[in-house]
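The values are calculated or read from the model by the stated rules, or taken from the named source; none is laboratory data. Bear in mind the structure is a predicted one, so any value in this text is a computation, not a measurement. A quick note on method: Cβ atoms are made from the backbone with ideal geometry, for glycine too, and the neighbour counts reach across all protein chains shown. Keep in mind that these areas ignore ligands, DNA and RNA; they rest on the heavy atoms of the full protein, side chains included. Shrake-Rupley method; radii C 1.70, N 1.55, O 1.52, S 1.80 Å.
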Amino acid sequence: MSKTRKCPACGRDIFMYAQVCPYCKAETHFTSIDEKPQQEDIEEEVVPTYEPEDVEEEPSSDKKAEESSSDKKEEEHSSEKEKEEGRLGKYIDHLKKDKDKVKKQYQKKIKSKYSGSTILIASVITILSIIVLALYIAKSSMDQGTFRLANSVDNTMKEVLDSVEGKLILRSTTVVAKFPDKDKHCLYYLQDNHLYIFDAKDKSTNEVNLNELNAKAVVDFKGSGVQNAYCSPNKNYIIIIAARNAANSEFGLYRLGTDPDSPTLEYIDRGAVKQETDGYTVQASGRTAKYDTNGNKVSGMTEAEWESIPKKQVEDNKSKKSTQETKPKKAELPSREAINEEVRRADINIDIDPPSQKPQKPELP
C-alpha cells in the first residue's frame, strides 16, 4: 500500500500524513498520524458468539475464554502501538529524505546559477578579446598591405641599383640610401664631399644642389662640404650635415625629402652639429637644440626661435643712462615770463627789452 499522497497545492507526492508540503510549504489538511484513519482504524471488534448448548459448561472454561479475550485485546493494543510507532518512524524518515532532497536541489540551483553567471562573464570577455584581436590583426594587415603596395620592389629597378651600388663600393663611395621601389627608384651616395642621386628609371646621375633647393642652405666646399648624410628611420628624409665656412667652425643641419620627382630641402639649424645614436645636437650662441633621427626637434631652441626673441631693453636703458651722465648739463636760463612776474612783484618799472641802439659811426681821423 502506498504511503504517499498528492499535495493539493503543487501536486507532488508527499507523505500521506504530512500536514505541510515540504516543497511548496502549503497546508495539506491531511489526517494527522495521531488520529485514527477512517479505513484502517475503524475495525469491527470480533466478539466471539457462542451458541447455547444443552450441555452444561464447566466454570473453568469461562475463565479461559475471558483470559483468551483479554490476551487478544492486549495483543491488538500492542500491535496498534507498534503500527503507530512504525508510522511515526516512517514519517520522520520521509521528512529527513525530503529535507535532504530539498537541500540538494537548493544547492544545485545556487551552484548552477553562479556557474552560469561565471560562464556568461567569461564568454563575454572571450568574445570581446577575440573581436579586439581580430581588429588589431585586420589593421596590421591593412597597414602592411599599404606599406607593401607603396613600397613594392621593382625587380628591374633593383637589379640596376644593385649593379650601381657594387660599382660605388669598389670606389670607396658611401652609399647613403637605396630605394628599389616603383615610386622612388633612386640611390643616394656621398662622394668627395658632394651628395649625388642616381635615378634608376632614366639611369642618370645628378648632384644634389642644396642652395638651389633652399637659399638658406650654405655649403662651403673649400671646407669639408657635405660632411655626412644619413637616411632617416622613416625613409622619408636624408639628414645632411654640411660645412658653412672654409674653417669648418660652423655647420648646417638640413633635411632632404626622398621623393625624386619633387625634392624639397628643409633648413633645420646651424652651429656645432654632433651626430648621436638618438639624433643630433646643435650648439650655437649659448644655446643647445636636440633633434631626433628623423630631424624633428626634441628640446631646446632652433635658430629661428632664438632670433625671434627680442633683445633685452634693460641693457639699452643702462646704456642711455651712461651716455646721459657723460654729457655736461646746460645751465637753464629763466624764461621771460618768469622775469616779468618777478618784476611785477617788486613794483619795479624796468623795461626788460633794451632799446635798440644804432651802431655808432666810426669817427674819421
Gain in length, Thr4 to Leu213, computed as 0.36 nm per residue apart minus the alpha-carbon separation, to one decimal in nm?
-> 64.7 nm
Which order, highest average first, do 215-226, 299-310 follow once you tally other Cβ atoms within 10 Å for each residue and take the mean per peptide?
-> 215-226, 299-310
State the extension gain, in nm to one decimal, for the chain segment bounded by Asn248 and Lys83, taking 0.36 nm per residue of separation less the distance between their alpha-carbons.
-> 47.0 nm
Residue-normalised value, i.e. accessible area per residue, for the stretch 179-267 at 1.4 Å probe, in Å², stands at 48
Sequence of Ser140, Ser172, Ser232 from largest to smallest accessible area, 1.4 Å probe | Ser172, Ser140, Ser232
Residues of the stretch 191-222 with amide nitrogen under 18 Å from the 7 Å Cα-to-Cβ point of Ile169?
-> 191, 198
